[in-house]
Each structure stands twice: as structure tokens, then as C-alpha cells.
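The values are calculated or read from the model by the stated rules, or taken from the named source; none is laboratory data. Note that the structure is predicted; figures quoted are calculated from it, not measured. Here the Cβ positions follow ideal geometry from the backbone for every residue, glycine too, while neighbour counts run over all protein chains shown. Note: accessible area is taken over every heavy atom of the protein model, side chains too, but ligands, DNA and RNA are not part of it. Shrake-Rupley method; radii C 1.70, N 1.55, O 1.52, S 1.80 Å.
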Amino acid sequence: MATEATRSQPGSRRTFLGHALALGLAGTSLSTHAAAARADAPRVLTAWMRGEQSWAGVWTPGQTPRGIALPARAHQLLVLPASRQLPPQALVLARRPGEYLLRMDPLRNQALQWHTMEDDRYLGGHAALSASGRTFFTTETDGDTGQGLIAERDLHTLEKLREFPSGGIGPHALLLEPTGTLIVANGGILNLPETGRRKLNIGRMDSNLTRLDVHSGQVLTQYRLDDHYLSLRHLAFAPDGTLGIALQAEHPAPSDRHRAPALALLPGDTLRSVDWKPGEAPTAWDGYAGDVCCADNRFWVSAPHAGWLASWSTHGEALRTQPLAGAGALAAQGERWLAGGEDAALLYREARALPQPYRLPVGWDNHATLL
């Protein structure tokens, strides 16, 4: 049964959010047919589509996910630091070009704070917590100029405190580095709400990694690959500090996309792609890497269109592959990591062990987080 939850007034020019919220904040019924889940079974925060409606919430094995109805598809879901004073919380970020933020209690299935984006500002789909844990950074685009931006926002009100240039076009994923700097993947692709997901500048793409000073907003370093048709998208750190970057190829020719790498590495100050050896790229590979995580000292990349997972050592060696139809969202926590597909999830608990499969009643959207 759908249940109404307390929600704040978004107060934005964008009427679509108000209309969408009329759908209510609902939790889907728990499945009654599953046996009791293992004590160490995963609990996953993610988003999904059911028909035309997007949701965000928690999935556990043997249950249909319980969630909150969203006004549009979500992208990243960021778990916030635990507090004795506050219930568990998470941020939900709209998919680019995104127009809403949500702070939620994923265990109680409650929306705590909605925020619609300021005039002519659109989300890039990702966020990173600040070192203080009281604010967070979002990737955004100026709708008038197409300039990529980083905004710092208050964790509880979600209001913008300041903004500065991201160092490129189409900023997507970002991470706070141990040194306190921000590393941002500027994907180089311009999208605007007026044209939806249409890519407006493929012939003029300039994707880069940019390191930013979080206090001044100054660009400290930029890194580029030689192939300007490779869009740097998602990011993950290895324990040794190597950064893994999932790539999406935008070459006009399918043959070029098939040869395009799925992963790039930044060990130290040299950005390089992990190129396929002759005959190594799977037949269905189309140049589109969905997500990346690091587990067991290996970078894992998902290929949603091609239907498999691939992993390399943190040095870009020793390729392994695993079929998984619709492979998309990846999540790592300690020695465990998990991959979601269109109708199944695979949980890996230790190195070289066979994964534990779980049936999914509905496929996850772009990203997931193990709770």
C-alpha cells in the first residue's frame, strides 16, 4: 500500500518536480515468496525503473525493492556519514541534465529534503563529500554557456554555497583525493534540457581529468588522452592510489568503437588507456563502459550493452571477463563487491571465489552502493 511521507516544498521554477511529487512517496510491497536471506546477504541502495516511473531505495535478496518515487531517473546514490543524532541518510542525484536532489532515509523509506536546481544550472549526476562532512560537491553545467561547474552545497538544506569552473565541458564523476584536492572527470559532452540526451558537440569533444583546489577553485593539473573521442566518465581509487577511469567511446565508426579501450589509469601523473591486445576485446564490445569499482586490487568495469564484466590488475594487466546480461551498477565494500545486471546480481566475497548469484525482480539503474 502506498504511504504518504512528509516532504519539503521545492520552491523552484521547474513545475515538473511539483507534478511528479503528486505521485506520492511510496514503498513497494515486500515479496512473500522468498526464503529468509543469509545473515551476510547484501543490502543495496540503488535506483530502478518500473514502467515509466523511477524509484530510489533499498534491495535485499528475496525481496522486491522498497523505494521513493522520483520525478525523473536518478544516477548516483551517495551514502552519508553515520551519526548518532541522525538516522542513516543518502543523497540521490538526478541523471544529467539533472534538475533535482533528494536527501533520504533509505532504511525508513522517507524523503527528508527535496531540492530543485537553481535557474540555468543542471546536475551532472555525481557528488562527493567534503573533508568536513558538512558539505558536498556536485558536478553541474551552466545552461546558458555550457560551462562545466563544481558547486559546494550544504548537506542538510542542499542549498548552493558557492561554485567554480570544473575545468571543462560535461563534468560527470568526481572524487575527493587524500590530499584534499578534487579530481573531476570532464566527459567533454554537452547536454542541455532543451535537447535532452542529445550530444551537442561530439566533433569538438575535449574530455579531461582536472585536479582542483577545493578552497580557491583553481585548476592545479589537467590530463588528457590522445584520442579525443574517448569520454572519461566514472572514477574509482585503488588502495595504492591509482585512479581507474571508465571510458565511453564516441567514435562515428562502429569499428573504431569496438577497438576503443574500456579503462584508463592514472598512476601518479601519467594518464594512459588500457588498450585491448589483438583479439582480446569481446565480440559485442561497443566502446561503452558503464561503471567502475576497485576490489581485490583489481579494477572492474561493466559493459551494459555488451553484457559482461571485465577486470584488470591496478597496473592494467591480467584481463579477466565474466558474462552478465545488462551488466551495469557496481559496488565495492571492503573485500566484497557486487555487480547488477538486467535480471541478476553477482556478489563476490573473496578473491578467486565463484560469485553468489541473486535473482533481481527489476534491474538496477546506473549505480549502486552496498550498505
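Quick notes on this one:
- Taking the criterion of being modelled with pLDDT of 95 or more and closer than 30 Å to residue 229 by Cα, the residues of segment 153-169 that qualify are 163, 164, 165, 166, 167, 168.
- The listed residues are 189, 169, 183, and the only one of them that is within 25 Å of residue 288 (Cβ to Cβ), assigned to a loop (DSSP other than H, G, I, E, B) and touching a residue at least 60 places away in the same chain (Cβ under 8 Å) turns out to be 189.
- Number of positions in segment 313-359 that are among the aliphatic types (A, V, I, L, M), touching a Cys at 6+ places or on another chain (Cβ under 9 Å) and assigned to a loop (DSSP other than H, G, I, E, B): 0
- Some residue of segment 304-312 being in contact (Cβ under 8 Å) with a residue 24 or more places away in the chain, open to solvent by 30 Å² or more (accessible area, probe 1.4 Å) and part of a strand (DSSP E or B): no
- Matching option when the condition is of a type in the set (Val, Ile, Thr) and in a loop (DSSP other than H, G, I, E, B), among 270, 210: 270
- Of all residue pairs spaced 6 or more apart or on separate chains, those with beta-carbon atoms under 7 Å, a first member in segment 57-69 that is farther than 25 Å from residue 113 by Cα and a second member that is surrounded by fewer than 20 Cβ atoms within 10 Å (Cβ to Cβ) and not hydroxyl-bearing (Ser, Thr, Tyr) are 61/37; 61/41; 62/34; 62/35; 62/37; 63/30; 63/34.
- Looking across segment 242-254, just one residue is in contact with a Ser or Thr (Cβ under 9 Å, 6 or more places away or on another chain), in a loop (DSSP other than H, G, I, E, B) and either on the phi > 0 side of the Ramachandran plot or not polar (S, T, N, Q) (or both), and that is 250.
- Figure legend. Inter-residue proximity from segment 279-293: first residues more than 21 Å from residue 174 (Cα to Cα) and aliphatic (A, V, I, L, M), second residues assigned to a loop (DSSP other than H, G, I, E, B) and open to solvent by 10 Å² or more (accessible area, probe 1.4 Å), beta-carbon distance below 6 Å, spacing 6+ or different chains. Indicated pairs: 284/306.
- Restricting the first member to segment 252-266 and to residues that are open to solvent by 10 Å² or more (accessible area, probe 1.4 Å), and the second to residues that are among the aromatic types (Phe, Trp, Tyr), the beta-carbon pairs closer than 6 Å and six or more apart or on different chains are 258/285.
- Enumeration of residues in segment 74-111 that are among the charged types (D, E, K, R), under 17 Å from residue 153 (Cβ atoms) and free of Cβ contacts under 8 Å to residues at least 60 places away in the same chain: 103
Here is a yes/no grid of residues against (1) more than 22 Å from residue 315 (Cα to Cα); (2) open to solvent by less than 20 Å² (accessible area, probe 1.4 Å); (3) in contact with a Phe, Trp or Tyr (Cβ under 6 Å, 6 or more places away or on another chain):
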{"position": "160", "(1), (2), (3)": "yes, no, no"}
{"position": "187", "(1), (2), (3)": "yes, yes, no"}
{"position": "192", "(1), (2), (3)": "yes, no, no"}
{"position": "212", "(1), (2), (3)": "yes, yes, no"}
{"position": "215", "(1), (2), (3)": "yes, no, no"}
{"position": "219", "(1), (2), (3)": "yes, no, no"}
{"position": "231", "(1), (2), (3)": "no, yes, no"}
{"position": "238", "(1), (2), (3)": "no, yes, no"}
{"position": "244", "(1), (2), (3)": "no, yes, yes"}
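- Flag if residue 285 is part of a strand (DSSP E or B), surrounded by 21 or more Cβ atoms within 10 Å (Cβ to Cβ) and hydrophobic (A, V, I, L, M, F, W, C): no
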